[in-house]
Amino acid sequence: MTKEQSNITFEEAMEKLESIVGRLEDGEVPLEESINLYKEGMELSKWCHDKLKTAEEQLTLIMKDDALKPFSIEEEE
């Protein structure tokens, strides 16, 4: 992933990936450009997958931490 791509949000990466897929599906892109778009799409796909995996791991840790804490409600005085 290029330096400028690493500064985008997950949502922006997904939009760009969807745009690339749309352009490739149209079939109107020259071969060289198609190859470059495919490479960029694969990089974005891997980046998005890694982000989702990291988020899933963080949520799993949060859920495990919360499950270990006793539930209590503090009463107002």
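Each reported figure results from applying straightforward, stated rules to the coordinates on display, with no laboratory input. In this text the structure is predicted, and so the values were computed from the model without any measurement. Note that we place each Cβ from the backbone using ideal geometry, even for glycine, and neighbour counts take in every protein chain shown.
Below are the figures for this structure:
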item: Packing rank of 47-56, 24-33, where each peptide gets the mean count of other beta carbons within 10 Å, highest leading; result: 47-56, 24-33
item: Neighbourhood charge, 12 Å Cβ-Cβ cut-off, centred on Leu24 and excluding it, Lys, Arg +1 and Asp, Glu -1; result: -4
